[in-house]
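Asks: My questions will all concern the structure given below.
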Amino acid sequence: MNGFQYLWFDSGLYQIQIGQVAMLLVCLLLLFLAIKRGFEPLLLVPIGFGGLLANIPGAGLAISAVDAALTSGDIALVSQLAGIADLSAWTNTDEIYKALNSASAEANIQAKLIATGAGYSSGMLYDFYTVTIASGAAPLIIFMGVGAMTDFGPLLANPRTLFLGAAAQFGIFATLLGAVGLTTLGIMEFSIADAAAIGIIGGADGPTAIYVASKLAPDLLGAIAVAAYSYMALVPMIQPPIMRALTTEAERKIVMTQLRVVGKREKITFPLLMLILVALVLPSAAPLLGMFCFGNLMRECGVVARLSDTAQNGLINITTIFLGLSVGSKLAADKFLDPKTLGILLLGIVAFAIGTAAGILMAKMMNLVSRHKINPLIGSAGVSAVPMAARVSNKIGLEANPQNFLLMHAMGPNVAGVIGSAVAAGVMISIVSNM
Amino acid sequence: MNGFQYLWFDSGLYQIQIGQVAMLLVCLLLLFLAIKRGFEPLLLVPIGFGGLLANIPGAGLAISAVDAALTSGDIALVSQLAGIADLSAWTNTDEIYKALNSASAEANIQAKLIATGAGYSSGMLYDFYTVTIASGAAPLIIFMGVGAMTDFGPLLANPRTLFLGAAAQFGIFATLLGAVGLTTLGIMEFSIADAAAIGIIGGADGPTAIYVASKLAPDLLGAIAVAAYSYMALVPMIQPPIMRALTTEAERKIVMTQLRVVGKREKITFPLLMLILVALVLPSAAPLLGMFCFGNLMRECGVVARLSDTAQNGLINITTIFLGLSVGSKLAADKFLDPKTLGILLLGIVAFAIGTAAGILMAKMMNLVSRHKINPLIGSAGVSAVPMAARVSNKIGLEANPQNFLLMHAMGPNVAGVIGSAVAAGVMISIVSNM
Amino acid sequence: MNGFQYLWFDSGLYQIQIGQVAMLLVCLLLLFLAIKRGFEPLLLVPIGFGGLLANIPGAGLAISAVDAALTSGDIALVSQLAGIADLSAWTNTDEIYKALNSASAEANIQAKLIATGAGYSSGMLYDFYTVTIASGAAPLIIFMGVGAMTDFGPLLANPRTLFLGAAAQFGIFATLLGAVGLTTLGIMEFSIADAAAIGIIGGADGPTAIYVASKLAPDLLGAIAVAAYSYMALVPMIQPPIMRALTTEAERKIVMTQLRVVGKREKITFPLLMLILVALVLPSAAPLLGMFCFGNLMRECGVVARLSDTAQNGLINITTIFLGLSVGSKLAADKFLDPKTLGILLLGIVAFAIGTAAGILMAKMMNLVSRHKINPLIGSAGVSAVPMAARVSNKIGLEANPQNFLLMHAMGPNVAGVIGSAVAAGVMISIVSNM
Amino acid sequence: MNGTLLQQGFDLMLFGMGTVFVFLTLLVCSVVIMSAVVTRFFAELEVPQKGLAMTNSKESPVAVDSVKLRVIQDAIHQHRKKKQS
Amino acid sequence: MNGTLLQQGFDLMLFGMGTVFVFLTLLVCSVVIMSAVVTRFFAELEVPQKGLAMTNSKESPVAVDSVKLRVIQDAIHQHRKKKQS
Amino acid sequence: MNGTLLQQGFDLMLFGMGTVFVFLTLLVCSVVIMSAVVTRFFAELEVPQKGLAMTNSKESPVAVDSVKLRVIQDAIHQHRKKKQS
Ligand code: NA
Ligand code: NA
Ligand code: NA
């Protein structure tokens, strides 16, 4: 019977591909890790679920109207679209799709008109992605919320810890070099933009990673975001061995002097000071650090409590829901199941390890020249992963000396790491897009 | 005097048409029912007010830029627009509008450029409609919120009640057949897409009805949404006579065994299980049921309480405000005052009645083959109308036996009805758009 | 070295212009006034910060893709864009930009395609502006929230005070005349649309001013919004001398009879009544007053408390954040540092003064014909600036008679002023855009 | 041209203030009539005080107080349980 | 043409109701299996009552009560301080 | 081509780490200067403790406690009223 046949051809069981099955399992694993193991659940639950949705066979939730038309359109439609890309109608649809992607803006608009004219429309997750990530808005709004949640008091009380946050960014650039090296050796196929986007995993900062990946390597965004959030959750496992290996028992026992109380006026001035510095030195970091400073100013100025409250709660929650689902849309099998993903996952953990080591070594170096000794354990907090990395510093410190509370001291390099990776993001976007 | 004359020509009193007067009164009636009689006020207050705004003469809040240009543009502009649709400049503007609507996507873009170039812009409600409903986003976001508010415990404790939710969807398809029949008899003029959209009223689920209508019959959306929400409010009046007529006193007295306690893990697994089933069997229901399952997973997983909270409150409230106003934009006189609206209102109540009856009869049928007897009164809750229909089951049950609390038992078919109508929506959108 | 040279050329220090330095200082001053002096901080903190962001040299956060292409594109790209505007490639880029702005919609789309095709994209603040203000949505949403926060009780108890709100709008039109006069004298260069937008500062109502300016004079929006909010904050300094000069000690001592209690039903009916009147008399005020009435109906009807709550909190906060940043985008040096800004600031304060005087004189006039005497001090509250102006009336009244509490009496004209300026906004937009 | 601009300004002021006054006068009249109609024919049965309280649903003293009361009672209950254990 | 429309309607009803029943039957089966698997192999260690309470994180009596308790204690403390000063 | 890619990578690392250190060094310097200026010339009159408390407006103990106090008082008042009636 025609209708039941139609429903069968339309069903997932008929259309499913092995890659989609694999990705459904991967996404269920992500959800398991998020829910049962507490892996950054606020992001990984929406990302994992978005990944499930993106891999529903035949639903096309994560694809554009043109993609949908190429996938299920008849030969006349496909040949029309192929014509726009100056290809023969008999070309593989994947190639037509790639050709259109690299075609001019006008060709893309024409292709979209043809596809929508033929009744095809973009999927829900594709629309979410366009609005939240392709526009750049969602990571910036989340960064504003993070700014509104950040207390710069510990950093202002001990500004030297900014150097630790700087050093830990070495993980980013070492990883970039690693990605470039793998390509040079012929093992992987990363462009310089890909490499920069992979490096940013070492920033250990979710919104920064998503922002950079969306600008430089949108196709790798899924793997990069998953790597960034997973390794942030794994910080309590990744960092301690490195921390113990690079420090002596005596160093781990160093007690730091209590932080001074930082006044309200300093806290209000700080975001403005940082913004002025961004304006003078590094305009390309202005979107990320600008929104971060704005959030922090709302928090500290004390006269816009209702806006600060909304930035920290309602707005960041709404944005997180749609950002997560949108990131999930990049977990579609044809994008995620790629040797590159393995490379990204491997390089990502290297990035965390190198960043951790660089932070600790920097602290030890500073102890060589400074009178006020720094416990090198707080150096590892420079990778960001707020507040997990600072807690790890505190825990390893307590193991060495049960009276030595490093938490507040580690918050300084911790938030410095956020600034550091936003700076690195700005530099990379600026240089790479002009290369 | 030129200026005062201008203001007089510009005033509502000069421009008002009898249809608009009628619609203003209809909308005031809707607001009265919502505010004084408690008819689903969360939706009907914004819908009613949106209807008032849409019928303000001359304000053009609910029309597109092209429509505005056709309505108040000079002859040169109108003839230019007519030219795009290959019509003579002397054609009636309504016909030009319709011709443009059915013209190619390129012609529409060109018409829009001409209209905006001449200084015309779309109205506020038209923009709201485009962003919230035409994009499909708002009903899906509301469905996510409903998922986050839904406790599947009673359904998991007694999964058989899913059959009641399935049976009650017969109201949808019987009504579809009714609409088709009226057309065959020459009384009305519904297309198959119209008929499907009207049938979905019987789903007794607001966002589902709006979602389906926006895809299949946008012009009927106003009447369909008003019918759906009004009849949902009227459930305590529509259902009881049918319930009493189809059940015996003995049946109404059936006491059901207390529901077992459902564990947390079952509740977490359920939305994932349902999503996998959607993926395998019915991808076309993925947007609606996917967002529903996502909301429910956020609720049950327990690790993203702040996202779940936002989905249930801030986000769903914001979406409801704009969804309601947008639905109201479809209450403009020229769309709503149509014999079709009468047909929709009539068919809608039939849909509720048939759905109620089908649910009860299904329960009685299940009692024929099953050992554990079901009180057939909970069958009527299968139409959805959460939680009103379940409360009605409880109330009628208490009348028969003051010790017989059916509320929790009725919640099972009640939420099953939501799933059932989302499935029906998926099937209809998929089949109709390929017919 | 090539790279460091690149970073230096890319840095703010290299690119900064004197105008941007000046604007950064102006914005810091705005932030100082907002944070330390309490100048309408909810708006001026985001506006001031947005202004800082807009003036970061080289970041281009406030400019369109075409603007970015003209600023930093190579000669081939610029000549291509110049070609669209029928200009030679050697024309100054500012002139090309202006020519494109006044070109047809099609030419603009083509220019945008070329710019995005060449890799240029619009800045973050430009996007925020497009979504929130150019669409008209944000001021309307804020107006809805203000409606949901407004209690019309005092106005309903003493409807005569609506006349005070009407009279105070004279400040708007006198200022309009002043702007036109300055142009006629050759001192400034305001078009009639500019003059109308400047006049609306006298409405002392932020969202109305932003809405009108975005429709009639987008380039002046920054200065107009800053003037409106600054002078609203300065009301306790601007109004008292005028109030004392125009009233006698005896008048200031007039005790008004206590206001009657207004019932719930009257409060529900009022927004609907006002909307019907708008529909019949002044459709062009429908967007502003419609949303205002909708907010108020949600507040008063009592059955949609969760929507009203969201309109008053989450939604208005989110909108305020982005509206403020977007207004700040218009504080870019090339737009704000213009003799026109000085004229706007000067005319704005005149507008407030004349509005205050007109309100007081109207009250005195009403006392000539009416038996129930009005304390003329509440006339000044007719300029809006809710609730500051009403508090000023109360304070000056207490100075004259320590037992004379005018606050509730002044709330009547205060909210009447909001209605009055929305009506004025409607008239001006309607007439000016048809002139 | 300048003369025209001034003329336009005058026109706008005239029509503008005119419309503002006409609209608000009509509003005053309608409000007076509406209030008379409502208070005469649709008088509210509730005591005005309660009507007032219900308007601002969030500040309704009755509702809030019952919540507060429960908060206290729960807390006391919890406190006692802690003492016992 | 009309005949076709009626035919389409019948087809849609048949396939629609069919799919609804097939889908929900599959769902019933999967739920039964899932519940059996979960309760047998992944039984929760917590007492069911507590499991239930933890699901609705917002209404968790334990968490809320501790907050309430602190509210009370702070308030009493504040009250005493006020009395002393 | 590959040689160029590696070169690009090295350049990016060099400039990147350079900028990060330059920027954060400048930030350290400015913060030190700013803190010195603020504490010397714009010292806050409030005791630091209070200044700290006011920063996080939501957790300001003073404000919150007064709210809590009112909650308690209202509840007690309500409770007494209930008893009387
Ligand atoms: Na970092
Ligand atoms: Na249903
Ligand atoms: Na005003």
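The values are calculated or read from the model by the stated rules, or taken from the named source; none is laboratory data. A quick note: this is a predicted structure, and the numbers were derived from the prediction, not measured. Positions of Cβ are generated from backbone atoms using ideal geometry, with glycine treated the same way; all protein chains shown enter the neighbour counts.
One line per residue, one yes/no per condition, for (1) charged (D, E, K, R); (2) more than 19 Å from the chain's Cα centre (by Cα):
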site: B:Val304; (1), (2): no, yes
site: B:Asp309; (1), (2): yes, yes
site: B:Asn313; (1), (2): no, yes
site: B:Thr320; (1), (2): no, no
site: B:Ile344; (1), (2): no, no
site: B:Ala353; (1), (2): no, no
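Asks: Please specify each residue of the range C:302-317 satisfying the condition of being more than 10 Å from chain A (Cβ to nearest Cβ) and surrounded by 24 or more Cβ atoms within 10 Å (Cβ to Cβ).
Replies: Answer for the range C:302-317, where residues must be more than 10 Å from chain A (Cβ to nearest Cβ) and surrounded by 24 or more Cβ atoms within 10 Å (Cβ to Cβ): C:Val304, C:Leu307, C:Ser308, C:Ala311.
Asks: Is it fair to say B:Thr269 is within 14 Å of chain A (Cβ to nearest Cβ), among the polar types (S, T, N, Q) and farther than 17 Å from B:Leu43 by Cα?
Replies: Yes.
For (1) over 30 Å from E:Ser30 (Cβ atoms); (2) touching a residue at least 60 places away in the same chain (Cβ under 8 Å), each residue gets a yes or a no:
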| site | (1), (2) |
| --- | --- |
| B:Leu52 | yes, yes |
| B:Ser64 | yes, yes |
| B:Ala69 | yes, no |
| B:Gln80 | yes, no |
| B:Trp90 | yes, no |
| B:Thr93 | yes, no |
| B:Ala134 | yes, yes |
| B:Met149 | no, yes |
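Asks: Going by what's in this entry, would A:Ala193 be described as within 16 Å of ligand 1 (Cβ to nearest atom), out of contact with any strand residue (DSSP E or B) (no Cβ under 8 Å at 6 or more places or on another chain) and either among the acidic types (Asp, Glu) or within 14 Å of another protein chain (Cβ to nearest Cβ) (or both)?
Replies: So A:Ala193 does not fit the description; no.
Asks: Moving on. For the range B:401-408, does any single residue satisfy the condition of being surrounded by fewer than 24 Cβ atoms within 10 Å (Cβ to Cβ), more than 16 Å from ligand 1 (Cβ to nearest atom) and within 14 Å of another protein chain (Cβ to nearest Cβ)?
Replies: Applying the first criterion (surrounded by fewer than 24 Cβ atoms within 10 Å (Cβ to Cβ)) to the range B:401-408 yields B:401-405, B:407-408.
Checking the rest, the ones that are also more than 16 Å from ligand 1 (Cβ to nearest atom) come to B:401-405, B:407-408.
Then keep just the ones that are within 14 Å of another protein chain (Cβ to nearest Cβ); that gives B:408.
Yes, the range B:401-408 contains a residue that is surrounded by fewer than 24 Cβ atoms within 10 Å (Cβ to Cβ), more than 16 Å from ligand 1 (Cβ to nearest atom) and within 14 Å of another protein chain (Cβ to nearest Cβ).
Asks: Here's a follow-up. Which of the residues that make up the range B:11-20 are at the interface with chain C (Cβ under 10 Å from one of its Cβ atoms) and modelled with pLDDT of 75 or more? Outline the logic, then answer.
Replies: Here is the first cut: in the range B:11-20, the ones at the interface with chain C (Cβ under 10 Å from one of its Cβ atoms) are B:11-16, B:20.
Correct list: B:Ser11, B:Leu13, B:Tyr14, B:Gln15, B:Ile16, B:Gln20.
Each row is one residue, and each column tells you yes or no for (1) loosely packed, with under 15 Cβ neighbours inside 10 Å; (2) over 24 Å from the mean Cα position of the chain (by Cα); (3) at pLDDT 70 or above.
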| position | (1), (2), (3) |
| --- | --- |
| E:Phe15 | no, yes, yes |
| E:Val22 | no, yes, yes |
| E:Val32 | yes, no, yes |
| E:Ala36 | yes, no, yes |
| E:Thr39 | no, no, yes |
| E:Gln49 | yes, no, no |
| E:Ser60 | no, no, no |
| E:Ala63 | yes, no, no |
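Asks: Looking only at the range A:208-230, filter to residues that are within 11 Å of ligand 1 (Cβ to nearest atom) and away from chain F (no Cβ under 14 Å); which one of those is farthest from A:Ser102 (Cα to Cα)?
Replies: A:Ala228
Asks: Related question: Would you point out the residue of the range B:380-400, among those that are buried (at least 24 other Cβ atoms within 10 Å of the Cβ) and of a type outside the set (Ser, Thr, Tyr), that is farthest from ligand 3 (Cβ to nearest atom)?
Replies: Selected residue: B:Gly397.
Asks: Please tell me if A:Met428 is more than 18 Å from A:Ala363 (Cα to Cα) and aliphatic (A, V, I, L, M).
Replies: yes
Asks: Additional query: Run C:Ala279 past the list (1) within 13 Å of the chain's Cα centre (by Cα); (2) of a type outside the set (D, E, K, R); (3) modelled with pLDDT under 95 and report the number of the one that doesn't hold.
Replies: Result: C:Ala279 passes all but (1).
Asks: Still on this structure: Report whether or not A:Ala333 is in contact (Cβ under 8 Å) with a residue 24 or more places away in the chain, more than 16 Å from ligand 3 (Cβ to nearest atom), surrounded by fewer than 24 Cβ atoms within 10 Å (Cβ to Cβ) and more than 20 Å from A:Ser421 (Cα to Cα).
Replies: Criteria met by A:Ala333.
Asks: Among (1) modelled with pLDDT under 95; (2) surrounded by 22 or more Cβ atoms within 10 Å (Cβ to Cβ); (3) within 10 Å of chain D (Cβ to nearest Cβ), which single condition is C:Ala416 missing?
Replies: Exception for C:Ala416: condition (1).
Asks: May I pose another question? Out of all the residues in the range C:239-296, which are touching a residue at least 24 places away in the same chain (Cβ under 8 Å) and not in a helix (DSSP H, G or I)?
Replies: C:Thr247, C:Lys253, C:Ile254, C:Val255, C:Met256, C:Thr257, C:Leu259, C:Arg260, C:Val261, C:Val262, C:Leu282
Asks: Can you find a residue in the range B:167-174 that is more than 9 Å from every other protein chain (Cβ to nearest Cβ), under 10 Å from the mean Cα position of the chain (by Cα), buried (at least 24 other Cβ atoms within 10 Å of the Cβ) and not polar (S, T, N, Q)?
Replies: no
Asks: If we scan the range B:86-106, do we find a residue that is among the small types (Gly, Ala, Ser), within 13 Å of chain C (Cβ to nearest Cβ) and more than 30 Å from A:Ile321 (Cβ to Cβ)?
Replies: no
Asks: Something else about it: Tell me, which residue of the range B:163-189 that is touching a Phe, Trp or Tyr at 6+ places or on another chain (Cβ under 8 Å) and away from ligand 2 (no atom under 16 Å from the Cβ) is farthest from B:Thr341 (Cα to Cα)?
Replies: B:Leu177
Asks: Is it fair to say B:Leu368 is free of Cβ contacts under 8 Å to residues at least 60 places away in the same chain, more than 13 Å from ligand 2 (Cβ to nearest atom) and away from chain E (no Cβ under 14 Å)? Walk me through it before giving the result.
Replies: Numbers: free of Cβ contacts under 8 Å to residues at least 60 places away in the same chain: yes; more than 13 Å from ligand 2 (Cβ to nearest atom): yes; away from chain E (no Cβ under 14 Å): yes.
Here the answer is yes, as B:Leu368 does meet what is asked.
Asks: Continuing with this model, one more query. Can you give me the number of residues within the range B:382-411 that are within 13 Å of ligand 2 (Cβ to nearest atom) and within 17 Å of B:Leu259 (Cα to Cα)?
Replies: Within the range B:382-411, residues that are within 13 Å of ligand 2 (Cβ to nearest atom) and within 17 Å of B:Leu259 (Cα to Cα) number 1.
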